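Report on one structure; see the data block that follows.
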Amino acid sequence: MEQIRAIWRYGIKVGIIGGIVLILTALIGMIEVFTQRQIIADVVSMGHALYLAAGLFICYLAAERTTPAKPLWIISNSMFAGLTTAFFLVLLIILGRHVNLRLMFINASDLLLNNLLTFGVQGNDGLRLLLIAGMGVGLFTGLFYLLPKFLRTVILWSLAGSAFAGVLQELIRPILANNFPDVISEWLLTSDGLTLKGALSIFIFIALIVISWSIKGGGIRQGWQGLPKKQQSTWRTIGTIILLAVILIAPWRLGLFMSEVMTIVGLYVLLGLGLNIVVGYAGLLDLGYVAFFAIGAYVTALITSPEIMNLNWSFWSAIPFAIFFGILAGVLLGVPVLKMRGDYLAIATMGFGEIIRLLVLSDALRPFLGGSQGIGQIAKPQVLGFVFKGPQEIYYLIVAGCMLVIFVSWRLKDSRIGRAWKAMREDEDVAQAMGINLVSNKLLAFGTGAGFAALSGVIFGSKIGSIYPHSFNIMVSINIVCLIIFGGIGSIPGVIVGAAALIGLPELLREFAEYRFLVYGIALVVMMLIRPEGLWPEEAHKRELHEDKTNEATG
Amino acid sequence: MDGLDIEIKEKTIHSVIGPNGAGKTTFFNCITGFYKPEAGEILLENHSLVGLMPDRIVRLGIARTYQNIRLFPDLTAIENVLVGMHAHLKSSYLGIILNTPFVKKEEQEAEAEANRLLKFVNLETKANMLSKHLPYGDQRRLEIARALATRPKLLCLDEPTAGMNSGETQAMCDFIQSLRDDLGITIMLIEHQMRVVMGISEIITVLDYGKKLAEGTPDEIKRNPKVIEAYLGQGSAAQAH
């Protein structure tokens, strides 16, 4: 008896949590909104994928927690978790039949409760089907958990890959249409979602890659390390050239929409790299960073636009001024907050960001800064009559800006100044006791970061042509901090990966913008739990792991 | 602290001892610029140090370690040492971005010197490990290497043998002695363990309640009744006689 209760315990506990989470997901309307996009046409929508994925995850957790880990216990626990979760949903549906839930939860529609949650089957049959499906998912997950680890990895990667391909069809479609014969695109994609055979082929394709990598991967890595230094650097150069070529032709191969997305990501890469110097290297949490972005954009607008100052200078002449004023603002902000640390610094800088936004918004400064109407007719960059007007042209400007900023960050990183910043981040008192002048080094960090942001602001202003105060709200600062943390704090490639994931993905999934910050929050929490160092962490950590392995091998 | 007057002679190993709360670490913090004394003077070769920021004082030649090791945990061992050399490097911001020949040369030399220092403290094989992952004894020695990187004339060690067993303590004592003998650095030592202090110091100053209780060679201190009383409590003095 005692034993049987113990078997139930894990499954039911996890199932209760899972049930509550799923009810909330359903009631805030996520499942219903997500069903609008098909992953596999007419088979699985994104809403159902989310629904099933949540179920699988819950059962997997239950299976993982089962002790002792006997096969029968694992399967029964996993099934209990699925059943409990389904039971909660059944309760919700029954409640929905008797009470008008929409008074409180606007999204609790009839369609959601009596169709989507029960896989399209209505009435009591639907409820029965839901309970059976819960157990089925549990059984499947339990069996899956018992598979050897290798098989599990292959299946997980392939499933995730197919789902990703379905979610990101907007990205895949132009790539296929512009670069490959129509046959492939017809094989894989319908007008909405993947085809079933397409999804299967992606699944198999990824499975093959994962399998061959795990067989050959170690050998390739060893072979790479065995190569002489000179050959390695030749290959690296070749790789860099290919990468550059891909970056340069990308906008023409991917089309207008993707180019637009890439320019937005690029602007955030610029901003992220600047803030990375302040937050990642020097450890100064700056939440008012958007202010420097705004200053760059407004200086450009004032100098190049016929409105307000009527100077009509060219875009290029605006760059040095904008960067100069950006750096100046960075240093001016730096002086009063020199003595502040941690939370106090974050709050003070946040205030600074809001002050700049409110200043440009204010009626008193309207004759000089345009107030809420903003400033329009900002000049587009021109070279010898060639005008950078669309996203496909502006893209090159942004790539150039990113390269400059990456280069500067990379040079500073392991230099005398970079080390001083990192020392301040680790322990300000000791850094000072090692002969580091805190004042000048902090101001250098603030100034450099602000300069990068101002550069980003210049390109932003010119790209959209007219700027308004509301483009520079605090969410921009928060987004940048998030993408740095997500990518790996203090890491240059991390910023790029983080920007692509947190800025690029939501642009591709525009219709779900409502849930953007919810997903952000979940992503950050999950990240902190399973990979706190970020997607692409700083080199020192990797270098050390590598060292450990070689030490083990020799020692 | 009150009416404290200590003179540290060049190239000596000078220990400061005293019971808990005697003001030893406070004394250190005054010298290295973290606290500002309310009154009085601190002179290094006739330059006043009072009111200078810690980073200025390091540049003048006083380096320190901490009682509870304070390395930069997420930097590697060699980076820790390189940070110590900060004050003596001259690369400018623009120079670094353009990677001028001067910067290249300076970085190479700095790295070579950092490696030499790591070798001196027996850490040359662990240069690329994050300092937080080093074992305790290594961390102590790395902290000293970092302090040495500032090229000090006077090195202040705050309980360098805290938390060590007798074998490690002996090794550390030999090491401290070699610092003075091989590098010619004046060393000021705060210690708790009498045995360490007696073994390696030339002069000992005893503090109690922020005042100087006694000063002299180890032998003199050992026989001083006031010291015995402060250290071992009242009544013990009589037994020792």
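The values are calculated or read from the model by the stated rules, or taken from the named source; none is laboratory data. From a predicted model like this one, the values you see are computed outputs, not experimental measurements. Please note: Cβ atoms are built from the backbone with ideal geometry, for glycine as well, and neighbour counts cover all protein chains shown. Heads up: the accessible areas ignore ligands, DNA and RNA and are worked out on the full protein's heavy atoms, side chains in. Shrake-Rupley method; radii C 1.70, N 1.55, O 1.52, S 1.80 Å.
Across peptide A:421-433, the average count of Cβ atoms from other chains found within 10 Å of a residue's Cβ is 6.
Where the only charges are on Cβ atoms (+1 Lys, Arg; -1 Asp, Glu), what is the dipole of segment A:254-480 about its Cα centre, to the nearest 20 debye? Intermediate values should be presented prior to the final figure.
On the way: 14 positive and 12 negative charges, 69 e Å.
Using only the charged Cβ atoms, the result is roughly 340 debye.
Of the peptides A:431-440, A:292-301, the order by per-residue mean of other Cβ atoms within 10 Å, starting with the highest, comes out as A:292-301, A:431-440.
Based on the Cβ-Cβ distance of A:Leu208 and A:Ile474, what FRET efficiency does E = 1/(1 + (r/R0)^6) give at R0 = 60 Å, to the nearest 0.05? Write down the numbers at each step before the final one.
Details: r = 47 Å, r/R0 = 0.78.
For A:Leu208 and A:Ile474, the calculated efficiency is 0.80.
In chain B, helices alone account for a calculated mean residue ellipticity at 222 nm of -13000 deg cm²/dmol, with every DSSP H run of four or more residues adding -39,500 (n - 2.57).
May I ask for log10 I(q)/I(0) of segment A:153-213 at q = 0.13 Å⁻¹, from a Debye sum over the Cα atoms as equal point scatterers with solvent left out? Taking Cα atoms of segment A:153-213 as identical point scatterers yields -0.33. On full extension, the segment bounded by A:Gln36 and A:Asn310 gains 93.8 nm, given 0.36 nm per residue less the C-alpha separation.
Just so you know, the Rg over Rh for the protein assembly as shown is 1.05, from Cα atoms, with Rh as the Kirkwood radius. Here the simple spin-label model places points 7 Å from the Cα toward Cβ, and for B:Phe102 and A:Ala523 these points are separated by 4.5 nm.
Across segment A:145-161, computed HN-Hα scalar couplings (Karplus, 6.51 cos²θ - 1.76 cosθ + 1.60, θ = phi - 60°) run 5, 7, 5, x, 4, 4, 4, 4, 4, 4, 5, 4, 4, 5, 4, 4, x Hz from first to last residue, x flagging Gly and Pro. Using 0.36 nm per residue and subtracting the Cα-Cα separation, the extra length available between B:Glu109 and B:His47 on full extension is 19.3 nm.
P(r) tail, segment A:1-97: Cα-Cα pairs separated by more than 15 Å, 62% of all pairs. Between A:Ser212, A:Thr141, A:Leu270, the Cα set farthest toward the positive side of the dipole of chain A (charges on each charged residue's Cβ, about the Cα centre) is that of A:Ser212. Binning at 10 Å from 0, report for chain B what percent of all alpha-carbon pair distances ends up in each bin. Spelled out bin by bin, chain B gives 7, 29, 34, 20, 8, 2, 1, 0 percent.
Solvent-accessible surface of segment A:301-386, taken per residue with a 1.4 Å probe and all protein chains present: 57 Å². Scoring A:202-211, A:157-166, A:276-285 by mean Cβ neighbours within 10 Å over their residues and listing the highest first yields A:276-285, A:157-166, A:202-211.
For segment B:1-101, place one equal point scatterer on every Cα, skip the solvent, and apply the Debye formula. What is log10 of I(q)/I(0) at q = 0.22 Å⁻¹? Values returned for q = 0.22 Å⁻¹ are -1.34. The distance linking segment A:323-357 with segment A:35-57 is 45 Å (Cα centroid to Cα centroid, whole angstrom). Report summary: the helix-based calculation at 222 nm, which adds -39500 (n - 2.57) for every DSSP H run with n ≥ 4 and divides by the residues of chain A, gives -24500 deg cm²/dmol.
Taking every residue in B:128-138 and counting other chain Cβ atoms within 10 Å of its Cβ, the average works out to 2.
FRET efficiency for the pair B:Lys11 and A:Leu328, taken as 1/(1 + (r/R0)^6) with r the Cβ-Cβ distance and R0 = 45 Å, rounds to 0.35.
What percent do you get for the relative contact order of segment A:1-146 when only Cα pairs under 8 Å and 6+ apart count?
Details: 219 pairs, mean separation 46.3, N = 146.
Rounded, it is 32 percent for segment A:1-146.
Straight-distance candidates among the lysines for linking to A:Lys230, with alpha-carbon spacing under 22 Å and chain neighbours fewer than 8 residues away dropped: B:Lys104. Counting only the backbone N, which residues of segment A:233-274 are under 18 Å from the spot 7 Å out from the Cα of A:Asn179 toward its beta-carbon? Within reach of a label on A:Asn179: A:239-263. Taking Cβ atoms as reference points and 11 Å as the exclusive limit, the residues near B:Cys173 contribute a net charge of -2, counting Lys and Arg as +1 and Asp and Glu as -1.
A crude spin-label estimate for the pair B:Arg195 and B:Lys36, with each label 7 Å from Cα along the Cβ direction, gives 4.4 nm. The 3J(HN,Hα) values that the Karplus relation (6.51, -1.76, 1.60; θ = phi - 60°) gives for segment A:310-327 are, in residue order, 6, 8, 6, 6, 7, 4, 5, 6, 6, 4, x, 5, 4, 5, 4, 5, x, 4 Hz. Gly and Pro appear as x.
Could you compute how fast segment A:423-497 diffuses translationally, taking Rh as the Kirkwood radius over C-alpha pairs and applying Stokes-Einstein at 20 °C with viscosity 1.002 mPa s? Give it in µm² per second.
144 µm²/s
Taking Cα centroids, how far is segment B:61-100 from segment A:220-294 in Å? Using only Cα atoms to place each centre, the spacing works out to 28 Å.
The charge dipole of chain A, taken about the Cα centre with unit charges on the Cβ atoms of Lys, Arg (+1) and Asp, Glu (-1), comes to about 900 debye, rounded to the nearest 20.
Which stretch or stretches of segment A:77-91 have amide N atoms under 15 Å from the point lying 7 Å from A:Arg9's Cα along the Cα→Cβ direction? Label zone hits: A:77.
Looking at the protein assembly as shown alone, DSSP beta bridges between its own residues are antiparallel in about 45 percent of cases. Remind me, relative contact order of chain A in percent, using alpha carbon pairs under 8 angstrom and six or more residues apart? Relative CO of chain A lands at 15 percent. Based on the convex hull around the alpha carbon atoms, segment A:254-480 presents an average projected area of 12.5 nm². Remark: mean inter-chain Cβ contacts per residue of B:71-83 equal 5, using a 10 Å Cβ-Cβ cutoff to other protein chain atoms. Taking θ as phi - 60° and the Karplus parameters 6.51, -1.76 and 1.60, the scalar couplings of segment A:461-468 work out to x, 5, 5, 8, x, 9, 10, 10 Hz in sequence order, x denoting glycine and proline.
Do any trypsin sites (Lys or Arg not before Pro) in segment A:364-439 lie in a loop, going by DSSP, with at most 13 other beta-carbon atoms within 10 Å of their beta carbon, and if so which?
Details: sites: A:Lys389, A:Arg411, A:Lys413, A:Arg416, A:Arg419, A:Lys422, A:Arg425; in loops: A:Lys389.
Passing sites in segment A:364-439 do not exist.
Between A:Phe368 and A:Asn124, the simple spin-label model (points 7 angstrom out along Cα→Cβ) gives 7.6 nm. When the Cα positions of A:Leu50, A:Leu112, A:Thr35 are compared along the charge dipole of chain A, A:Leu50 comes out farthest toward the positive end, with charges on each C-beta of Lys, Arg, Asp and Glu. A DSSP coil position with no more than 16 other Cβ atoms inside 10 Å describes the following trypsin sites (Lys or Arg not before Pro) in segment B:9-67: B:Lys9, B:Lys11.
In whole percent, and with a 1.4 Å probe on the protein chains, what portion of the accessible area of segment A:254-480 is carbon and sulfur? Heavy-atom surface of segment A:254-480 belonging to carbon and sulfur, 1.4 Å probe: 71 percent.
In this structure the amide hydrogen of B:Leu207, modeled in the peptide plane, comes within under 5 Å of the amide hydrogens of B:Ile17, B:Gly18, B:Leu213, none closer than 5 places in sequence on its chain. Normalised by 2.2 N^0.38 Å, where N counts its residues, the alpha-carbon radius of gyration of segment B:1-47 equals 1.18. Near the amide H of A:Leu194, within less than 5 Å, lie the amide hydrogens of A:Ile40, A:Ala41, all on another chain or at least 5 residues away, with H placed in the peptide plane.
Please tell me the relative contact order of chain B in percent, rounded to the nearest whole number, where contacts are Cα pairs under 8 Å and at least six residues apart. Intermediate values should be presented prior to the final figure.
Values: 363 pairs, mean separation 76.9, N = 241.
It comes to 32 percent, rounded to a whole number.
Hand me the GluC sites (Glu not before Pro) from segment B:42-120 located in a DSSP loop with no more than 14 other Cβ atoms within 10 Å, in residue order please.
Numbers: sites: B:Glu45, B:Glu79, B:Glu106, B:Glu107, B:Glu109, B:Glu111, B:Glu113; in loops: B:Glu45.
Loop-located and lightly packed - B:Glu45.
Applying a threshold of 31 Å to the alpha-carbon distances of A:Lys442/B:Lys211; B:Lys105/B:Lys153; B:Lys153/B:Lys222; B:Lys126/B:Lys153; A:Lys339/B:Lys132; A:Lys339/A:Lys380 flags A:Lys442/B:Lys211; A:Lys339/A:Lys380 as lying beyond it. A cut-off of 5 Å between modelled amide H atoms, ignoring neighbours fewer than 5 places along the same chain, links B:Met188 with B:His14, B:Leu155, B:Cys156, B:Leu157.
Against the compact-protein benchmark of 2.2 N^0.38 Å, the Cα-based radius of gyration of segment B:80-138 scales to 1.30.
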